[in-house]
Amino acid sequence: MSKKVISKRIEDNLQGTVVFSVPFPTGDDLSSLKHMSPIVIKQPYSIDYNYSYGQDSPFFAALANGRFIVTREPQTGYTYATPRAHDMYTGRETEWVEIKPEGRIHAFTVCYFGSEAFLPETPFILIQVEFDECDTLFLGRLIGADTDDANIKWIGKKVKGRFLRNAKLKPTDIYFNLAE
Amino acid sequence: MQPVYVVSGGVSKFVKARPDKTFQGLVKEAYDYALADLGIDHSQFFELVDGSVASYFSDHFTRQLMAGIMAQDYLGLCPKPSHRVEGGGATGGICFQEGWKAVASGYMDICLAFGFEQMSHVETWKGNEFIALASDISFDYPVGGFYSGYYAMMVTRHMAEFGTTVEQLAHVSVKNHINAYHNPYAQKRQRLTIEDVRSSPMVAWPLTRNDICVMSDGAAAVIFCSEDGLAKLEKAAGHRLPRVKVAGIGRGTDAMRMSDRPHQSYEDFYKYNALPNEQNDDDRAYYKKLWKKGFRYPGVHSFRAGRMASREAYKNAGIVDPLHEIDFVELHDAYTSSEVQTYEDMGLCRYGEGGPMAASGKTFMPGIDYGLKLPEKPVCPVNPSGGLIACGHPVGATGLMQAVFALWQLQGTIKKHFGDPALQVPKAHRGAIHSHAGTGTYVTVSILEKEK
């Protein structure tokens, strides 16, 4: 029977930070360390979440089927364009209602910078949409308008929703075009 | 509740990046400054302090959970009680109020509040992404998560509702950057013009780079005490300390998704949101007219949380005419537009009058040349320190930074701490600090007063 060999050293590899030479005092005088430059290293961080849309899931299923649903408090009729499963005033459960995604621009901006995830898409237009059937607003992208023409008169313009042909199960499965 | 004094504070210099220190080292700088200003050392303070509150906004920036206890540990305050608070951009303001609560409730006689953020560990684009994760990740973030974009949408609505202009917004940027010119703690000390603000790169229409605060590394610390705590600190310091009290606090909230914010009636506005100084025939007629034109409250143009925080703080401090009863305000101007909107929320003017107020001169410092023709004299300087736009916004520290600068104003020690008397508000007796999170989700207002 051969004897099991257990290594007492960590084998060097070329992963992570590879250091060949770091300046350090050679003698006993360590006082200069108070003035040394900080060491900065790269620390990668990446993760995939199994994220659940929970009670809001039907909204995304609707988008994937080319339909736009909102939630309504059954007794008061208060209607949320961005769905909420419970009403914030009565505390009661809301019900799903389908509406035509046609409304008006309530507020907008053109983003020339952004989060890293969206930088390749700049400049892009964000709008808050108001629908006649709803008491609250919906955040979406306006596509097809000239970003150089941005002006306050965009507010109030009619917009119409369009659905992505291949849904990504994100709120951007619907986007908006100017309807006039 | 027992009276609460703010007796000392410290701020690290806010800069783009402090790779020379970890967050513990930054907090230590602010803490040491606060102790040195009191005239006591750490060993003496440790014997007296009952505990602390820590604040930092983002575990993503820090990439370190439990960073609050690590700073407590580094300061040498273990095993005293402590906890961390978090509330987006208002994290520092909430920390201030939690420090106040610890003493006001009688739980502690001396409490340290400290806060920090080190945002330089990621590139600006990634930082924007981290901040945008403080928006609804089901419905808002995936559409183009970018806080400057969210606030810019609020601006366009404000412009449409009230005729607010980009030049009026730019006045805020000019004022705050030039104020910061005299503040050695500030990150951006610049003499800008309206033209400079408008011609800087567009970030989110109509907000340019000079309309928006920058990311920073920094820390701040504030020491609270009761009457008994004050006696202990004075005994240790061997001298009398200036009396600056917390006269009242207020806090408000609103829906995370701005799309969910209500569009209330005139009657509901007067029932729930109006301030005492709006309870008169003139103001009622003014608002009635706004509602006739289609105005609804708060919509996406106004911060109801800021209004409710102000209302509560004013009630607690006995303020009925904020513009004339508050000598200065340090408010959360992450965007020039936020400052304009906050004038209205805080009742320094009526809703819809923020734009003209920004360009009026009323909120500027006396004795400083802004290179602008301002029609009116200063009444209540806003952001004499330079605010977030010019000082920087290391989130967990920001609300505490405001408290420290307000304390120095009320102590009359701006010259001592800034090495320049230009930003000392004359005869400052009462100041307000205002801290604000995520498009107005959490807002705190705290009133500090010099004891007569």
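Taking a point 7 angstrom from the Cα of A:Asp48 along the C-beta vector, which residues in region A:154-174 have backbone N less than 20 Å away? Answer for region A:154-174: A:167-171.
In region A:54-178, Cα pairs under 8 Å separated by at least six residues give a relative contact order of 25 percent. Counting Cβ atoms of other protein chains within 10 Å of each Cβ in B:292-301 and taking the mean gives 1. Among the trypsin sites (Lys or Arg not before Pro) in region B:196-302, those located in a DSSP loop and surrounded by at most 11 other Cβ atoms within 10 Å of their own Cβ are B:Arg240, B:Lys293.
Note on A:Val22 and B:Leu133: with the Förster distance fixed at 30 Å, the Cβ-Cβ geometry gives a FRET efficiency of about 0.30. Helix-only arithmetic for chain B: the sum of -39500 (n - 2.57) across DSSP H runs with n ≥ 4, divided by the residue total, places the mean residue ellipticity at 222 nm at -11500 deg cm²/dmol. Percent of C-alpha pairs per 10 Å bin in region B:1-145, short distances first: 11, 38, 32, 15, 4, 0. Taking label points 7 Å from Cα along the Cα-to-Cβ direction, B:Ser199 and B:Asp420 give a separation of 2.4 nm.
Residues of region B:337-369 falling in the label zone of B:Lys377, defined by backbone nitrogen less than 17 Å from a point 7 Å along Cα to beta-carbon, are B:360-369. From the square roots a ≥ b ≥ c of the eigenvalues of the alpha-carbon gyration tensor of region A:54-178, which class results: rounded (a/c under 1.5), prolate (a/b over b/c), or oblate? Cα axes put region A:54-178 in the prolate bin. Between B:Arg209 and B:Trp125, the FRET efficiency from the beta-carbon distance, with R0 = 22 Å, is close to 0.95. In this simple spin-label approximation, A:Glu11 and A:Lys168 carry label points 7 Å from Cα along the Cα→Cβ vector, and these lie 4.2 nm apart.
Using the Cβ atoms and a cut-off under 15 Å, what net charge is assigned to the surroundings of B:Glu451, where Lys and Arg are +1 and Asp and Glu are -1?
Here the count lands on +3.
With the simple spin-label model, which puts each label point 7 Å out from Cα in the Cβ direction, the A:Thr122 to B:Gln64 separation comes to 3.0 nm. Calculated FRET efficiency, B:Lys289 to B:Lys452, Cβ-Cβ distance, R0 = 30 Å: about 0.15 to the nearest 0.05. Helix-only arithmetic for chain A: the sum of -39500 (n - 2.57) across DSSP H runs with n ≥ 4, divided by the residue total, places the mean residue ellipticity at 222 nm at -1000 deg cm²/dmol.
No lab work stands behind these numbers, since they all come straight from the coordinates. What you are looking at is a predicted structure, and each value in this text was computed from that prediction instead of being measured. Neighbour counts run over all protein chains shown; Cβ positions are idealised from the backbone, glycine included.
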